[in-house]
Amino acid sequence: MEFNTIIEPFRIHSVEPIKLMSRDERKSAIEKAKYNVFNIPAKDVLIDLLTDSGTGAMSRDQWAAIQHGDESYAGSPSWEIFREAVVDLFDFKHIIPTHQGRAAEKILFSSIAGDGMVIPSNTHFDTTRANIEFVGAQGVDLVIEEGKDPATIHPFKGNMNTDALRELIDRVGPQNIPIIMLTITNNSGGGQPVSMANIEEVSKIAHEFNIAFFLDACRFAENAWFIRLREAGYENMDVKEIVKKMISYADGMTMSAKKDPLANIGGWLACNDDLLAEKARNMLILTEGFPTYGGLAGRDLEAIAVGLKEAISHDYLQYRITSTSYLGDALDKAGIPVVKPYGGHAIYIDARAFLSHIPPLQYPGQALAVALYEMGGIRGCEIGTVMFGMTPQGTEVPATMDLVRLAIPRRTYTQSHIDYVIEVAKKVAEDAKGLKGYKITKAPQFLRHFTAEFERLN
Ligand SMILES: *Cc1c(COP(=O)(O)O)cnc(C)c1O
């Protein structure tokens, strides 16, 4: 790049106010929320980095497409527009629209998996794993060793360990593995990309054993951009061609349109297998809707169709990936430990290293998430012992890592918003040793991080 300033490749067309509050007001808001950022009303958050899911800004053309939505029950023209846009990138025979990604997962696994079956992936996203386990099957994560260590630099930390995959097939038998999946980018592994070579190799192994190969393709465009940046032979290839090549290795996919497709809702399941498609459509009618809308309004289908075209724009992806690494670089320079290399959609602060005086069972990630909110109204998400520390036996153990994820909504915040986040994080770092741990005073049985209540320790 010729210049260092990040240029957002858009100008602002419609604005939404965000509320400036005093530090005292935020202190009482987080106290009232029992020190759980999920309990803070969104209107009391200045910069909301809780998730990049469904939180992006739609374009002028997407809003125009919303007006074009046709709400006919069956065979709406909006369905045709959606289907054509999807197939233009993801050339599968059957496209089955759903209201979001997990609905596609539910339908897929109910159709193909059951008791005693095993479904490998690089790392299953939590809804994917939950839907696999719901039908009695087992999800197995086989990401490469480099992908498990926050400090190791590797261009494709989302890759699958293909030796481990062969070993697993050998051990459980190919007849017990209905599909092999890859999550691109690897969300639960820090948004790390998967290389084209790895996609090709995993596909080859799957097909050698007559197993179907599916992509969880929520961040397909960011993954393609990383391939263009980091994998030899792709530096001059158009992102659209890279996407089509990634997809050419797969027999099907699941998608959440709340991620790279730049919509606020939506998803789909796609495949080439006629029998699977028939089963899936039968299930779709039970829980989602008729096959030409599947849980979405006609207007949503149109917004997704336009979003898909915008998601593969080189100017957009250049801005997207550069602005995420801009935040990572600034925190790194300030001495705040961050997971490297930076993923596409989020920066992860290593709270266990940053707040090393707080033991894992006093939740350093929670302490940091609360501090970022109190200091500057920034909402991130603890991904650590609060989220993963409770065992099925009811005992608590430290999670592998204690991270705080700062997810970047698409096209939503400007460089000055991010500069503000950096300034707040540096201010928190100045008095990091003064931060205290927490204890949980109330927690539900499952997924406790969403609703747990905390008390600050002295
Ligand atoms: C978000 C996500 C899902 C689930 O999609 P929803 O639209 O939230 O239901 C599945 N896989 C990955 C990798 C995701 O990031």
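The values are calculated or read from the model by the stated rules, or taken from the named source; none is laboratory data. Since this is a predicted model, take the numbers as computed values, not measurements. Here Cβ is always computed from backbone atoms with ideal geometry, including for glycine, and neighbour counts include all displayed protein chains.
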Candidates L301, L276, L308 - the one that is touching a residue at least 60 places away in the same chain (Cβ under 8 Å) and either more than 16 Å from the ligand (Cβ to nearest atom) or in contact with a strand residue (DSSP E or B) (Cβ under 6 Å, 6 or more places away or on another chain) (or both): L276
Residue match in region 280-300 (condition: assigned to a strand (DSSP E or B) and in contact with an Asp or Glu (Cβ under 8 Å, 6 or more places away or on another chain)): no
Total residues in region 146-165, condition more than 14 Å from the ligand (Cβ to nearest atom), within 16 Å of G343 (Cα to Cα) and buried (at least 23 other Cβ atoms within 10 Å of the Cβ): 4
Candidates I347, I336, I285, filtered to the one that is over 25 Å from A221 (Cα atoms), among the β-branched types (V, I, T) and outside the structural domain of T185 (by TED's automatic domain parsing): I336
Scope region 405-440; condition surrounded by 15 or more Cβ atoms within 10 Å (Cβ to Cβ) and polar (S, T, N, Q); matching residues: T412, Q415
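Does V143 satisfy the criteria of being touching a strand residue (DSSP E or B) at 6+ places or on another chain (Cβ under 9 Å) and more than 16 Å from the ligand (Cβ to nearest atom)?
No, not satisfied.
Every residue, every condition in (1) touching a Leu at 6+ places or on another chain (Cβ under 8 Å); (2) farther than 29 Å from L269 by Cβ, yes or no:
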{"position": "K19", "(1), (2)": "yes, yes"}
{"position": "S28", "(1), (2)": "no, yes"}
{"position": "S76", "(1), (2)": "yes, no"}
{"position": "W79", "(1), (2)": "yes, no"}
{"position": "R83", "(1), (2)": "no, no"}
{"position": "D88", "(1), (2)": "yes, no"}
{"position": "S110", "(1), (2)": "no, no"}
All helices (runs of 4 or more DSSP H) inside region 46-123 with 3 or more residues being farther than 16 Å from L215 by Cα and more than 16 Å from the ligand (Cβ to nearest atom): 60-68, 77-89
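Being within 15 Å of the ligand (Cβ to nearest atom), under 14 Å from S111 (Cβ atoms) and among the aliphatic types (A, V, I, L, M) narrows it down to one of A270, A212, so name that one.
A270
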